[in-house]
Amino acid sequence: MDEKLDNGMTRVWAIWNYVEAIILVAAGVLACVFCNNEGLQGIFSYAIGGFAILDGVLRFLMIVSNYKKSQENMMLISAFEITIGIVIIMLEAQNKGFFVGMAIQFVSIFLISLGGLFLTYSIILIACKRVVKLTMPILEIVFAAILIGLGIFVLVAYYKDETVMKAVVMISMGIIIAIIGGAIAVITTINLLKKKKSAQVNDAPLGKKGSVVEVKAEEKPVVAEPVEPDVIDASSEEPKALEHKEDSEAE
């Protein structure tokens, strides 16, 4: 029963991943094509929130079916996804276009924060003389400057021309989401093939699960071992013969 439930939940999860991949790819393409459509931006936000909620509910169903052993971690992930989905839908309903604007600000602040951390870390390494060569710290400083500059540019461009920046973000998010959808489909296919191959390997030496196949050892022909003849040491017997002859003559 456990094996049937395991296979059933694996099949359900795989189907959901394929459906999610198809919808994400389609949503990514639509986001790129209709990047200036404000109505589509709202639908896009609701779709992402709905996906987060549905994915969290499906994870919870897997917990209930005991498909996953680490229930605490799965429960936290499920609650987090459901919460994020509900918050996105509620905020989008209260303020149209909120999700795209929030995504722009999140990305810009994330880039600035990441660049600041890289910059600080590289300066500390150089100041404390923890590195022999300065090549990597200098490259990290350049990379940090690029990240900070890009984050500031995105933030300024958003507040300067919100419409154009939203269109740019919609195109970027569409490309990213389409790539994620394709990656989900590929990863799901690889996992299914690995599980199928593993099941075939496990069932190969066994007829049915739980039945043991008796393997008879090959009978080897019995070969008689050669008998070594007793070797008489002539040198050791000759002195004894001479000694016996001398005794007889003396008598």
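If I take R0 = 22 Å and measure r between the Cβ atoms of Phe106 and Ile171 in this structure, what FRET efficiency does the formula 1/(1 + (r/R0)^6) give, to the nearest 0.05? Show your work: numbers first, answer last.
Values: r = 17 Å, r/R0 = 0.77.
For Phe106 and Ile171, the calculated efficiency is 0.80.
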Report task. Can you send over the solvent-accessible area of Met75, 1.4 Å probe, protein chains only, in Å² to the nearest 10? Result -> 80
Requested in this report: Compute the relative contact order of the stretch 5-160 as a whole-number percentage, counting only Cα pairs closer than 8 Å that sit 6 or more residues apart in sequence.
Outcome: 20
Query raised in the report: What full-extension length gain, to one decimal in nm, is calculated for Ala127 and Val87 as 0.36 nm per residue of separation minus the Cα-Cα distance?
Result: 10.0 nm
Query - Spacing of the two label points (7 Å from each Cα toward its C-beta) at Gln94 and Ile180, in nm - result: 2.3
Query raised in the report: If we sort 185-194, 99-108, 86-95 on the protection proxy, mean other Cβ atoms within 10 Å, highest first, what's the order?
Result: 99-108, 86-95, 185-194
Query - For the stretch 68-172, average projected area of the Cα convex hull in nm² - result: 10.6
**Report entry** Three-way shape label, the stretch 121-195, alpha-carbon gyration tensor, a/c 1.5
**Finding:** oblate
Query raised in the report: Got a sec to turn the phi values of the stretch 122-127 into Karplus ³J(HN,Hα) couplings, 6.51 cos²θ - 1.76 cosθ + 1.60 with θ = phi - 60°, whole Hz, x for Gly and Pro?
Result: 5, 5, 5, 4, 5, 5
Requested in this report: Report Cys128's accessible area, 1.4 Å probe, all protein chains in place, as a number in Å² to the nearest 10.
Outcome: 70
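The values are calculated or read from the model by the stated rules, or taken from the named source; none is laboratory data. What you see is a predicted model, and the numbers here were worked out from it, not measured in a lab. All Cβ positions, even for glycine, are placed from backbone atoms using ideal geometry, and neighbour counts span all protein chains on display. The accessibility values were calculated without ligands, DNA or RNA, using every heavy atom of the protein model including side chains. Shrake-Rupley method; radii C 1.70, N 1.55, O 1.52, S 1.80 Å.
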